[in-house]
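Just so it is clear, none of the values below were taken in a lab; they were calculated from the coordinates. If you're wondering where the values come from, they're calculated on a predicted model, not measured in any experiment. Heads up, the Cβs are rebuilt from the backbone with ideal geometry, glycines too, and the neighbour counts pull from every protein chain shown.
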Amino acid sequence: KLVCVTGASGFIASWLVKLLLEKGYTVKATVRDPNNPKKTEHLRGLPGADERLHLFKANLLEEGSFDSIVEGCDGVFHTASPFITKYTDPQAELIEPAVKGTLNVLTSCAKRPSIRRVVLTSSMAAVAYKRNAQTAGAVIDETWFSDPDFVRESQFWYVLSKTLAEESAWKVAKEHGIDMVTINPSMVIGPLLQPTLNTSAEFILNFINGAETFKNSTLGWVDVRDVVNAHILAFEVPSASGRHCLVDTVVHNSEVVKILRQLYPNIQLPEECADDKPYEPIYKVSKEKTKSLGVEFIPFEVSLKETVESLREKKFANF
Ligand code: NDP
């Protein structure tokens with residue numbers, strides 16, 4: 001059982017590598033800089049890594065970078081894609097690596113008949129962003145596709161990168177007859193394995209590091225352990241196909257603060273919303289398809305608490 005994980009040093013991919021090793025897989029893991037201990041030490045230390053983890057250098061923007069790495073693999077988990085909030089050139093820093101990277105990886109996969117299936121880490125960003133989509137009472141499911149024009153107008157550049165990447169992935173998969181399944185998580189939290197701070201954990205850090213206000217926004221949340229479990233089931237369950245929305249719960253930021261206040265009555269938490277507009281509405285995301293894969297959901301309160309504990313342990317939280 002030989003599989004490849006791209007972007008292995010990332011938050012989600014580190015957990016994916018861990019679970020794959022636990023399940024007895026041999027893993028070819030790609031990283032941008034194999035000589036940077038911050039990106040690799042936590043992977044090398046995973047149980048089973050000495051025997052069954054092999055690190056390779058690859059970059060999303062280099063054509064052919066993944067060609068020889070995916071050779072001989074039964075499956076490929078393509079997780080690498082920039083998830084950053086600070087950038088100067090969204091086209092170069094977000095959209096190109098996401099879209100070209102996905103095309104690069106899939107083109108390499110198309111050349112290797114041993115690959116049974118590709119699991120793509122897409123996002124709810126590619127599902128839930130169209131005009132009047134996130135309205136009160138809406139129930140979003142796998143049939144929804146974000147509208148690139150709406151996303152472009154809104155200047156949600158990360159959302160655009162994921163929307164365009166998934167769109168072109170389906171096109172290439174169809175062209176080359178690749179069996180591809182996508183996992184579409186909302187904001188992913190849970191304990192960090194890697195020593196660096198990833199963007200979705202930073203969203204939680206922003207609540208607990210002394211901010212006076214919270215943003216007027218409503219987001220979906222899911223635990224990283226459920227996300228990686230879904231990836232592996234999507235590979236292992238023969239009948240799995242298409243897209244899988246992965247959202248445990250959708251809450252307004254005011255609710256996140258409320259839960260944090262119950263968990264940590266003694267820390268300073270934001271007292272009020274940053275604007276006085278009506279709160280962004282709560283919508284629903286269907287769990288049916290993902291549950292049919294066998295995925296269970298860790299409750300948001302548990303994930304939130306373990307994220308905060310992890311941020312404290314790693315000294316990102318200043319309390
Ligand atoms: P991280 O930032 O922790 O991981 C992103 C990974 O992508 C890193 O390993 C990074 O490598 C790699 N990467 C970025 N640019 C390049 C490049 N040019 N070449 C090679 N590798 C590159 O984020 P997450 O773990 O959160 O994200 C992983 C995936 O999950 C992404 O596809 C993201 O869009 C998706 N996702 C994440 C969600 C979340 O809330 N966290 C929600 C929904 C989807 P390096 O370490 O070298 O920077």
Which condition number does ALA8 fail, the rest of (1) buried (at least 20 other Cβ atoms within 10 Å of the Cβ); (2) assigned to a loop (DSSP other than H, G, I, E, B); (3) in contact with a Lys or Arg (Cβ under 7 Å, 6 or more places away or on another chain) being met?
-> (3)
Within the stretch 252-269, can you find the residues that are farther than 15 Å from LYS305 by Cβ and surrounded by 14 or more Cβ atoms within 10 Å (Cβ to Cβ)?
-> HIS252, ASN253, SER254
Selected residue (criterion: surrounded by the fewest Cβ atoms within 10 Å (Cβ to Cβ)) from residues of the stretch 188-222 that are part of a helix (DSSP H, G or I) and within 9 Å of the ligand (Cβ to nearest atom) | THR199
Tell me, please, whether a residue that is away from the ligand (no atom under 15 Å from the Cβ) and without any contact (Cβ under 8 Å) to a residue 12 or more places away in the chain can be found in the stretch 288-295.
-> yes
For the stretch 118-141, does any single residue satisfy the condition of being over 23 Å from ASP67 (Cβ atoms), acidic (Asp, Glu) and within 16 Å of the ligand (Cβ to nearest atom)?
-> no
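Table: residues versus (1) under 16 Å from HIS244 (Cα atoms); (2) surrounded by fewer than 17 Cβ atoms within 10 Å (Cβ to Cβ).
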{"position": "SER68", "(1), (2)": "no, yes"}
{"position": "GLY101", "(1), (2)": "no, no"}
{"position": "ALA128", "(1), (2)": "yes, no"}
{"position": "ALA133", "(1), (2)": "no, yes"}
Pick from the stretch 157-176 the residues that are small (Gly, Ala, Ser) and buried (at least 17 other Cβ atoms within 10 Å of the Cβ): which of them is farthest from the ligand (Cβ to nearest atom)?
-> ALA173
Failed item, numbered, when ARG225 is tested on (1) among the basic types (Lys, Arg); (2) buried (at least 16 other Cβ atoms within 10 Å of the Cβ); (3) without any contact (Cβ under 8 Å) to a residue 60 or more places away in the chain = (3)
Unmet requirement for PRO47, which otherwise passes all of (1) surrounded by fewer than 17 Cβ atoms within 10 Å (Cβ to Cβ); (2) touching a residue at least 40 places away in the same chain (Cβ under 8 Å) = (2)
